Amino acid sequence: GRNRLSRFRAKEISKLGMLLAYIMARSCLVAAVVSVARRSGARPVSAFSTSFLVRTSPRSLVHHATSNRPVMSSSTLFMSTSTSTTPAIVPRVKAADATSPSDGPVVIKGWVRTVRKQKTLAFVEVNDGSNLSGIQCVLAFDDLDESSRKEINKLTTGCAVVVEGPLVESQGGKQAVEVAATCLKVVGDCPAETYPLAKKRHSLEYLRTIAHLRPRTNTVAAVARVRSQLAGAIHAFFQQSGFVLVQTPLITASDCEGAGEMFRVTTLDLDHVDSLPLTKNNEGKETVDFSQDFFAKPAFLTVSGQLGAETHACALGDVYTFGPTFRAENSQTTRHLAEFHMVEPEMAFADLEMAMDNAEAMLKFVTQHVLENCQDDLQFFGKFYEQTLLKRLETLVSQPFARVAYRDAIVYLQEEIAKDPSKWQFPNVEFGTDLATEHERWLAETKFNSCVFVYNYPKSIKAFYMRDNDEDGGETVNAMDLLVPGVGELVGGSQREERLDVLEKKMGELDLVKDDYWWYLDLRRFGSVPHAGYGLGFERLVTYICGIENIREAIAFPRYPGNAEF
């Protein structure tokens, strides 16, 4: 017993010794830093000091001017507040956070939107990307040092600046506070005569040709902020709901949708077609021998992460993916991109009703989040793009989604089209019709005046993995699409086919090579369970929330047929 007690005491003494050594080492480090600061005659740090560039915003780190490596923040680097040699940190403030007068000087960093010069004053609107309006900086010439007064002559629309001064109550009525500037530095010049973004409203089509600069415009910057909030809210919803994030591969040998519209990935020398390795297929025709390619088989960019997500759902229960997907569809519509992002949850021990419930709850959650956190941007979109935007989003949050069977939806459409077929681009609608956007929007905007789930689609127009409905002999599948006003289809989902024999039969009917899906079939062999999921096109969600018409404005660098710039 005494031996065990001795060993216990020895361990505790050892831990105590390590703790004391750590405290002593930390104290020595702090003393050394303070000593160096005192010997160097440290002065209060300005935004223009050659010693440090300081950002005290929680979004940033403190950086040394001669290195890109982050160093200790001000609260760590300068522990003492009692000596006169302690540098006074000038905080950087984002324009969105500048809502009330400050006790001392602050630093604003951004790009000039407008400049108005008078005899003794200059008014500069600086935008740092944190909000629409930016912040006005008032430069009284008498309050500036000589170097700052010289900088005023360099000010042009688009140039990058650093402005220092206190936040004071604004004399104008457009903003609560403004910067009473005491220091000005033009960090990056911008020649006015060649700057593509003159102070006027440009068309969205023109802005796509300068996609590297278009984030400086109000529309694209507002879209980026809303998009960022939406992405964060999506992760928050699923994480709070107990879902596990799974990153599925971008390179795949499987065609999830069975549509064949995929981008091929290869390292074979396509510049010298005569040198491509060839082989003969089952029909005796010569074809490229992909066994000699990088992956030793045909490989493609994925159209969906669903199949990979199903593998983890059948072990972890509830999972989701959120990543880029690709489709080589030759479409120039306002609703399609070749590269886009999909949100794809998969739920084990779930049916289609549970998938619809989850999709509705998720959309209400993320929309409410944006309403609470992006009011200025949403009001901008409501003013310039869709006047009823805020009302539409508030209705989505407060009103239950409608649900209608596909057969009934077809009947409603046939009755409406019969009144005047000339008003419709696609007037021929019957069971088996793949609904066009005009049909989807009529159902959501006119028939139900709300978001609406259409479920139980014909088997012939849906993917192979969707579960056949038993009640109609497999004529329909347990699938759904969510249609929303202004967009049409936003979400597509289904209960997955968990019966091995049924799934193999469907794959054979579609001429899918079972060996390519052996692992997917294994999920049905070993502990198969009913499971369901859906896919949300993220860029379509962005267009819906922002009220913008073209999906090419919903992503930083749109990819579509004939365009892969930037």
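The values are calculated or read from the model by the stated rules, or taken from the named source; none is laboratory data. Please read all numbers here as calculations on a predicted model, not as lab measurements. Neighbour counts are summed over all protein chains in view; Cβ atoms, including those assigned to glycine, are modelled from backbone coordinates with ideal geometry. Accessible surface is based on the protein model in full, side chains and every heavy atom, while ligands, DNA and RNA are left aside. Shrake-Rupley method; radii C 1.70, N 1.55, O 1.52, S 1.80 Å.
Under a point spin-label approximation (7 Å from Cα along Cα-to-Cβ), what is the THR217-PHE295 distance to one decimal in nm?
Going by the 7 Å Cα→Cβ label model, 3.7 nm.
What is the gain in length, in nm to one decimal, between TYR195 and GLN118 on full extension, counting 0.36 nm per residue of separation less the C-alpha to C-alpha distance?
Taking TYR195 through GLN118 to full extension adds about 25.4 nm, to one decimal.
Measuring from label point to label point, each 7 Å out along Cα→Cβ, what is the LYS391 to THR433 span in nm?
Between LYS391 and THR433, the simple spin-label model gives 3.0 nm.
Would you kindly compute the Cα radius of gyration of segment 149-231 and its largest Cα-Cα separation (Dmax), both in Å?
When restricted to the Cα atoms of segment 149-231, Rg and Dmax are 15.9, 44 Å.
Starting from the alpha-carbon convex hull of segment 122-166, give the projected area averaged over all orientations, in nm².
Answer in nm², one decimal: 3.4.
Working out 0.36 nm times the residue gap between THR334 and THR267, then minus their Cα-Cα distance, what length gain in nm do you get to one decimal?
Full extension from THR334 to THR267 adds 20.9 nm.
Cα-based Rg of segment 460-517 per 2.2 N^0.38 Å, rounded to two decimals?
Taking N as the residue count of segment 460-517, the ratio is 1.30.
What are the ³J(HN,Hα) couplings of segment 142-156, residue after residue, when phi is run through the Karplus curve with 6.51, -1.76, 1.60 and θ = phi - 60°? Round to Hz, x for glycine and proline.
These are the phi-based 3J(HN,Hα) values: 5, 8, 9, 6, 4, 5, 5, 5, 5, 5, 4, 5, 8, 5, 9 Hz.
Provide the solvent-accessible area of PHE290, counting protein heavy atoms only and rolling a 1.4 Å probe, rounded to the nearest 10 Å².
Approximately 30 Å² of PHE290 is accessible to the 1.4 Å probe.
Rounded to the nearest 0.05, what FRET efficiency is calculated for ASP142 and ASP376 with R0 set to 56 Å and r the Cβ-Cβ distance?
0.95
When the chain is fully extended, how far beyond the present Cα-Cα distance does ASP511 get from LYS280, taking 0.36 nm per residue of separation?
Stretched out fully, the ASP511 to LYS280 stretch lengthens by 81.3 nm.
Roll a 1.4 Å probe over the protein chains and send me the accessible area per residue for segment 88-232 in Å².
Ligands and nucleic acids excluded, the result is 49 Å² per residue.
Pairs to check: LYS462/LYS514; LYS119/LYS154; LYS364/LYS419; LYS94/LYS174; LYS109/LYS174; LYS364/LYS423. Give those whose C-alpha atoms are more than 26 Å from each other in this structure.
LYS364/LYS419; LYS364/LYS423
Give me the Å³ per residue figure for the convex hull around the C-alpha atoms of segment 79-237.
For segment 79-237, the hull spanned by Cα atoms encloses 175 Å³ per residue.
Report the calculated FRET efficiency for LYS150 and LYS383 (r = Cβ-Cβ distance, R0 = 30 Å), to the nearest 0.05.
E(calc), rounded to 0.05, equals 0.15.
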